[in-house]
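The values are calculated or read from the model by the stated rules, or taken from the named source; none is laboratory data. Quantities reported herein were computed from a predicted structural model and do not represent experimental measurements. With ideal geometry, Cβ positions are generated from the backbone for all residues, glycine too; neighbour counts draw on all protein chains shown. All accessible areas refer to the heavy atoms of the entire protein, side chains included, with ligands and DNA or RNA removed. Shrake-Rupley method; radii C 1.70, N 1.55, O 1.52, S 1.80 Å.
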Amino acid sequence: MAQEAVISTFPNPFPRPKSDTGIWSWITTVDHKRIGTMYGISAFMFFLVGGTEALIMRLQLARADSDLVSPEVYNQLFTMHGTTMIFLVVMPLSAAFFNWLVPLMIGARDVAFPRLNAFSYWTFLAGGLLINLSFAFNSAPNAGWFGYANLTEGAYALGNNTTFWVIGLQVLGIASLAAAFNFLVTIINLRAPGMSFMKMPVFIWMALIVQILLVLAFPVITVALIELQFDRLYLTNFFNPDAGGEPVYWQHMFWLFGHPEVYILILPAMGIVSEVLPVFSRKPLFGYPFVVFAGAAIAFMGFFVWSHHMFTTGLGPAATSAFALSTMAIAVPTGIKIFNWIGTIWGGQIKLNSAMLFSIGFVALFIVGGLSGVSHASPPTDAQQQDTYYIVAHFHYVLFGGSLFGLFSGVYYWWPKFTGKFLSEKLGKIHFWLMFVGMNLTFFPMHWLGLDGMPRRIFTYGGDSGWERTNEWITVGAFIIALSILVFMINYVKTWRAGTVAGADPWDARTLEWSIPSPVPVYNFVKIPQVDALDDWWVKKYPETVLHQESHDTDSGQLAPAGAEDVLPMQARVSPEELLGEDHGIHLPDKSYYPLIAALGLAFFGGSLMSAWWLTLIAGLIMLYGVMGWIFEPVNDPEDHH
Amino acid sequence: MLRPGLLQKALTAPAVAEAATKCDPQAISGVALGRRSRTSPTMRLSRSSLLRLRPALILAILAPALFTACVVDGNQSPFNAAGPVAEDQKNIFIFIFVIAVVVFVLVESALLYSIVRFRQKGTAAKLPNQTHGNTRLEIGWTLAPVLILAAIAIPTISLIFDQDKGPVRGQVPDNPLAIDAIGHQWWFEFTYPGEDVVTANELHIPVDRAVEVNLISDDVIHSFWVPQLAGKVDMIPGRANRLFIQADEAGTFLGQCAEFCGEAHANMRFRVIAESADDYQAWLDGMRRPPASPEPGSPAAAGQTVFAQNCSTCHTANSYRPEVARAERDAQLGRQSAFKLDPENSRIISAPNLTNLALRSHFAAGIIELNEANLRKWINDPNDIKQGNRMSKQAAIYNDPASALSSEEVDQLVAYLMMLTPVAADAVPEAMEETGGEVSSENGEQLFLNTGCSGCHSTGTNTIVGPGLGGLSDRAGSTVESLSAEDYVAQSIVSPSAYIVGGAPVSAMPGTFGAQLSAGEIDDLVAYLLSLE
């Protein structure tokens, strides 16, 4: 009763949103699927922005001594391209998949904290818009996505360019941390009965590892950004060499975050590939525990390799050797993953559809990125490669050929589950081949440009350098990639209305999300499933494979023979009456305005630090109102209870 | 049957890569097709058609590398190594590259093979064998990479420690030439400690001698990179980094800043000119001789005045005088501090030393050839040549309409700068002779402009780094009791911190001028200073 009294005293001018359709139902949603969709759409929009930035850079570099853009604009373009693709594209695209799939694959009805989930999304969107708003003020960040001090300080970074970057990243960091805690709690606590850790799909494992990385790595960059901003605003001396500060300290902090960040970007894609390859080979993942532990090992070792980004800073031979060794060591678990993926398709019945092509493309391209990575794990060769196009080639093979191919594989694979319809296979394959050819034409020649001595982050190069012809081809490749994205968008538009309807389990897949209808009902599972095995859905469909497996394999004894009752698909166990019945006993959290208000208040608060103090005060009050309203608002409207 | 083939592959691949780096198509195809080893027993053993195809296969695999090597024009490619440091770095790269190519071929083949072999045709009646894993395989493909990486790690670490000692592997150089390289936004300064030589953007070194480059930065982080001589090492403010280089042959090697350092980063380049010990010594000697004085009344003479009035605050052009060369470091730091105090409005910033400028082949941080036309273009609109340069942002002539140069003045300035080349060795004593006897405020003016005073002091009342000296006579006489104006100013030049007045901080002025100037010169300078209105 006391709680009800508090609720009624908190001023809430808005009636609680009720409708399930219309724009406000999306804005106030706390449903993980809708939030996942919004993450996906927003990230794709930012992908178009970041891609456009890349195309302008490629047009500039297609000619030697070109003056299409000024060096200042070019510096803004490469800074924002990197920042956008990392923080506003690959991370939120992964978040889109986490949102959609974590509850579905572990047999839950939503994430642990649905309103926090909405807050994460709105904070991400507001942070992304804030950092891009800098273009409107002609103050886009221009010191690189790595923002090396002391170029970002004092006399060398006048104006608000770097401030936009610092504050934008802080806001985005809050979004990532909130989401990370949410998914951690969800995966640990909301797994369906029987789903022990070693029965979790690999994608969920990789999601769990990524959340741990986020929770451990983001505080480091948060602290570093605060120190940088204090240096800029209050003349503290963390990184200012004139007052005894240490610019290299920024690099340590940045890469202590930045290297785990690389695995934050790639592990979700590795999880997707580990789901797609078995389904379209009609075989279980080869060496499941090895793939899982290799992922964990990569994440753990990822915290001990940061200084390989700093081999040229003069760390001294001992430290340089130590980081060379740890960097080489991380190639071992990465190799284990690749071998197990090949082991998975070996002996299978491979179906080369769009999803599978993108996954195989991932493996093929990631090998290239991994091998070039080994070459600059050796500091003497890295001394010639660091800050050249060789490095640009390397990490685009890992992050474009890797992360993005994996994410597109996930898009084609789970699209029927998300929307109930297939994307066109024909257009999907055109998309894949254009992107595969374009990607290689763009990034492979960059290897030899770098080996030939072309530095990165230069807006121009001389006509006598011998680099022009290669750059020309690279630009052609970049436009082929752009064309492939256009094909994907046509595919989306075409199939939105006219796509073939997919059933609940169109791929004859293995994991729990395929046991429920497509598109997924708002409550996900009518009845929370009982999980008995890894790939539980597959085992229930093909109980004979368990017996078969037991006689052939002695490695993993986790599969138990299924009882006849459990083999029935989940939906078949529930009568339609039960499904449609008025009171099926499923309570989902109600929609809420407060996460949105708190998130917008937060981003406004950050942005206002560059303007007048009273705007900051107003923004702070908005944020406080959002948080307080959220605290006092019950998960479900008390007037609406059964 | 397989072993000899594998052996041959292992032998051939590095040879191809080696040939490729020499950019010699004949050698490449010759090596790759096994011509060189035609009579070798390994070739006679490999009879099967598959093995005969192998060299062609290797050629196909290495095609990108061949292309790489052959598109280079040579002067900025690490593969055209011109010294032991770059050579060792190139060799370890080729070693890793060959291993990587072999791994690439094996793993991608396994991937492709399994896709082709196990692609489903039609609808399968029954499920494939549901293998879940194989522990022995897992151990195998964990150990194999460990062994390969160990093979890479051992030479890597040995090379890291070796290259820390000196340029030639395993040798500590007994008499390395020490050079300070200082990074500035956006140009390179080079000083030769002990030689009293300062220059910018063109580093002269003798061949076959270890050079220890001390890497310094006065502003942000830069990176010193001459691909043909050595991999890069960063120049970090507040840190003392070091890099060994050594050139095996005479030549000009391009360098470029490799760490993003702001707006004009792309145009921060330089050259290393390696020359014989004699040529190097001749260059050093030349840098210590003054240029010929321009004919009185000539455009160049007028240009000298233009330079003194508009450029000499930031650009030193007389460090052929050893005392000026020694004071240049302090002068640059003073200019940099002045800039940092008010970056938006400062009319002063550290700038390239222009002593004997006409000896250089290029200017504007090594991006454009030095000739009259280019120099005129540069002075008229520096942004047309190097966007983002500091000169156009800070210098009064570009920011204060009253200070802008007329086109005649620009021509005079160009004429003067193009004359900055040392006089013949036997002409020096005359040029350095003192006026003697009478006190000359005209000579004082020359000293003011050429000794480094004008770097920090204006002749008006505005503060550059040090106070403006206009109207000095009005205040000098009464500053310190019992000292005449002449004695007070003379004392302040010889011992700047002797009389600190008016709550001024400890003087930042170097105490080196007393040693640089003779008593007569000090008298001349004092007379000039006291004549300032």
Ordering A:Lys426, B:Lys386, A:Lys527, A:Lys199 from largest to smallest accessible area (1.4 angstrom probe), what's the sequence? A:Lys426, A:Lys527, A:Lys199, B:Lys386
Shape parameters for the stretch A:22-139, alpha-carbon atoms, Rg then Dmax in Å: 17.5, 58
For peptide A:444-452, the mean count of other chain Cβ atoms within 10 Å per residue Cβ is 5
Modelled FRET efficiency - R0 41 Å, B:Ala124 with A:Lys527, Cβ distances, 0.05 increments: 0.80
Counting helices only, and only those DSSP H runs with n ≥ 4, report the 222 nm mean residue ellipticity of chain A as the sum of -39,500 (n - 2.57) divided by its residues, in deg cm²/dmol to the nearest 500. -21000 deg cm²/dmol
Would the stretch B:100-224 count as rounded, prolate or oblate if I go by the C-alpha gyration tensor, calling it rounded below 1.5 in a/c and otherwise prolate when a/b exceeds b/c, oblate otherwise? prolate
Entries of A:Lys337/A:Lys527; A:Lys429/A:Lys494; A:Lys337/B:Lys90; A:Lys33/B:Lys121; A:Lys283/A:Lys540; A:Lys541/B:Lys121 with Cα pairs more than 26 Å apart: A:Lys337/A:Lys527; A:Lys337/B:Lys90; A:Lys33/B:Lys121
How many percent of the accessible area of the protein assembly as shown is carbon or sulfur, using a 1.4 Å probe? 63
Could you work out the mean count of beta carbons from other protein chains within 10 Å of each residue's beta carbon in A:389-398? 0
Scan around B:Val197 for amide H atoms under 5 Å from its own, H built in the peptide plane at 1.01 Å from N, and keep only partners 5 or more places away or cross-chain. B:Tyr192
Measuring from label point to label point, each 7 Å out along Cα→Cβ, what is the B:Glu481 to B:Ala396 span in nm? 3.8
Here the averaged projected area of chain A, based on the convex hull of its alpha-carbon atoms and given in nm², is 30.5
What translational diffusion coefficient, in µm²/s and rounded to a whole number, does the Stokes-Einstein relation yield for the stretch A:437-542 at 25 °C and a viscosity of 0.890 mPa s, taking the hydrodynamic radius as the Kirkwood radius over Cα pairs? 132
In square angstrom to the nearest 100, the accessible surface buried at the B/A interface, both sides summed with a 1.4 Å probe, amounts to 8200
What is the distance, in nm, between label points placed 7 Å from the Cα along the Cα-to-Cβ direction at A:Arg469 and at B:Asp384? 3.3
Just to make sure I understand: if all protein chains stay in place, what is the order of A:Ser611, A:Ser307 by accessible area at 1.4 Å, largest first? A:Ser611, A:Ser307
Between A:Leu68 and A:Ala498, what length comes free when the chain is fully extended (0.36 nm per residue of separation minus the Cα-Cα distance, one decimal in nm)? 150.6 nm
Expressed in nm to one decimal, what extension gain is obtained for the pair B:Asp164 and B:Ala282 from 0.36 nm per residue of sequence separation less their Cα-Cα distance? 39.4 nm
Taking B:Lys393 as the anchor, which aspartates and glutamates have their alpha carbon closer than 18 Å to its alpha carbon, excluding any fewer than eight residues away along the same chain? A:Glu72, B:Asp219, B:Glu263, B:Asp342, B:Glu344, B:Asp381, B:Asp384
What FRET efficiency comes out for A:Ser19 versus A:Trp614 if R0 is 30 angstrom and r is the Cβ-Cβ distance? Round to the nearest 0.05. 0.25
Any chance you could look up the accessible area of B:His132 with a 1.4 Å probe, heavy atoms only, rounded to 10 Å²? 30
Can you work out the Karplus-derived ³J(HN,Hα) for every residue in the stretch A:283-300? Use 6.51 cos²θ - 1.76 cosθ + 1.60 with θ = phi - 60°, whole Hz, and x for glycine or proline. 9, x, 4, 6, x, 3, x, 6, 5, 5, 6, 4, x, 5, 5, 4, 5, 5
Candidate residues B:Asp384, A:Asp67, B:Asp400: accessible-area rank, largest first, probe 1.4 Å: A:Asp67, B:Asp384, B:Asp400
Number of partner chain Cβ atoms within 10 Å, mean per residue of A:461-468: 4
Using only the Cα atoms of the protein assembly as shown, what are the Rg and Dmax in Å? 34.7, 120
For the pair B:Ala358 and B:Ser298, the simple spin-label estimate (label points 7 Å beyond Cα toward Cβ) gives in nm 0.7
List the aspartates and glutamates whose Cα sits under 17 Å from the Cα of A:Lys426, skipping any in the same chain fewer than 8 residues away. none
Need one number: % antiparallel among DSSP beta bridges in the stretch B:93-245, to the nearest 5. 70
Would you mind putting A:259-269, A:413-423 in packing order, based on average other-beta-carbon counts within 10 Å, highest first? A:259-269, A:413-423
Which of the three applies to the stretch A:384-458, rounded, prolate or oblate, going by the alpha-carbon gyration tensor with a ≥ b ≥ c and a/c under 1.5 meaning rounded? prolate
